[in-house]
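Below is one structure; the comments refer to it alone.
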Amino acid sequence: MPATPTLPFSRDHIQPGDRICVAVSGGADSVALLLTLHAANNAKRDALGVGLSAAHVHHGIRPAEESDADLNFVRDLCISLDIPLHIHHADIPARASANHETLEEAARTVRYEFFSTLIASGHADAVLTAHTLDDQAETVLMKLLRGAWTEGLSAIHPIVQIQHEAGSANQRSGRILRPFLQTRRCDIESWLRSQDQPWREDSTNADTTYTRNRIRHELLPQLRTFNPSIDQTLANLAELAREEESRWQTELARILPQLLLPGKPVRGGGRAVPTAPGQPSFAIEIERLRPLDPALRRRVFRAAARQLGSSLTFDETERLLALCGFLTLPTAAARTGSAVHLPNGLRAERSPHEIRHYRVASISQKPRKRA
């Protein structure tokens, strides 16, 4: 049987004339994506009709000879396909240390900053990453183990819009696309073998000190003994969570302006709004929360915290509900003058009729990673 000329991939959000840049590490998934896009772009029928380039990040994590070999492999592949290559060198260990991040977090941040730069500079309308269904399943499990909410369980989105701030030197918008998100890694590797196409193996992928690798090599194989389709099941969960979150965000956009009150109430009616910059605050009337169901109350508090630059865990949200009197907890009292201290300098104080939210400046507090 002749080999399939290309792997199936999602063409959603790819239009003729787009400048498409494929992120290529040298691993099987990204090599297959580049080859698939190249073949689809040069097909005799139903060709993509896009301008195709590639991008590679030299992370500086592994020994230089290994990282250099990856770069040379990607460069040679792009030369053979006559595809322009954008290269970015970074010192991820130094960045991770300076920003108190894990290597995984720092590497991801650098990659997406690079992708954003390619879009802002006009080199790409979209950057395509080779995330697979396996990656999606692993990410859902990572989020679940860390106590993520619905937006966290939505995991890897098939499309992410990149918007640059108004007033920046370049305001071009673009998108990150994941066209292999419904494709299994084993199918990709099988296809590459059928094409006699080599790829690079990242030695760190076998290092189980990394959480993702422990999930990949230890946890998921165990879960497959309970459900052989667990990878697809987890990917389905991500899609459901993404749709649920979209629905809730629409509802929050409608209801929040009615609930978040600026400043403090004043005698005789009205509210006093501070004019000093740097101390944003607002209040929520407890009686306006009372008719809401518990799910919406939680989301209101979490959305309010986001507007002040913070994110809440389950326990922190419970303390706010207890401050309103909707729950009974030993760590939060529903009486006037009680307060709950939250991450990133956020405070919530109880008055007779409201919960007031405000920020307290503190140079010692560092932003906490969201699940």
What FRET efficiency would be calculated for the residue pair residue 194, residue 68, taking the C-beta separation as r and a Förster radius of 30 Å, to the nearest 0.05?
0.55
For residue 358 and residue 251 in the same chain, what is the full-extension length gain: residue separation times 0.36 nm, less their Cα-Cα distance, in nm?
36.1 nm
Rounded if a/c is under 1.5, else prolate if a/b beats b/c, else oblate: with a ≥ b ≥ c from the C-alpha gyration tensor eigenvalues square-rooted, which is the range 143-255?
oblate
What is the spin-label model distance, in nm, from residue 258 to residue 225 if the labels are put 7 Å beyond Cα along the C-beta direction?
5.3 nm
Tell me which label goes with the value of log10 I(q)/I(0) by the Debye sum over Cα atoms at q = 0.08, 0.09, 0.12, 0.13 Å⁻¹ computed from the coordinates here: [x] -0.61, -0.68, -0.86, -0.94; [y] -0.42, -0.53, -0.93, -1.08; [z] -0.52, -0.65, -1.03, -1.15.
[z]
Mind telling me which of 174, 26, 122 comes out most flexible in a GNM of the chain, alpha-carbon contacts under 10 Å?
122
Helix 133-145 against the longest principal axis of the chain: what's the angle in degrees, Cα atoms only, rounded to the nearest 10?
30 degrees
In nm, to one decimal, how far is the modelled label at residue 211 from the one at residue 15, with both set 7 Å along Cα→Cβ?
3.8 nm
Full-extension gain between residue 314 and residue 121, please, as 0.36 nm times their residue separation minus the C-alpha to C-alpha distance.
65.5 nm
Among 317, 209, 183: highest mean-square fluctuation, GNM of the chain, C-alpha pairs under 10 Å:
209
Between residue 159 and residue 288, what length comes free when the chain is fully extended (0.36 nm per residue of separation minus the Cα-Cα distance, one decimal in nm)?
42.9 nm
Only Lys, Arg (+1) and Asp, Glu (-1) charged, at Cβ; the chain dipole about Cα centre in debye:
1880 debye
Can you put 74, 160 in order, fewest other beta carbons within 10 Å first?
160, 74
Can you check what the net charge comes to around residue 13, using other residues whose Cβ is under 14 Å from the Cβ of residue 13 (Lys, Arg +1; Asp, Glu -1)?
+1
Where in the range 66-107 does the label zone of residue 113 land, with the point 7 angstrom along Cα→C-beta and an amide N cut-off under 18 Å?
87-107
Förster radius 41 Å - calculated FRET efficiency between residue 41 and residue 296 (Cβ-Cβ, nearest 0.05):
0.30
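Here, each number is a calculation from the coordinates, and none is a lab measurement. Just so it is clear, the model here is predicted, and its values are computed rather than measured. Please note: Cβ atoms are built from the backbone with ideal geometry, for glycine as well, and neighbour counts cover all protein chains shown.
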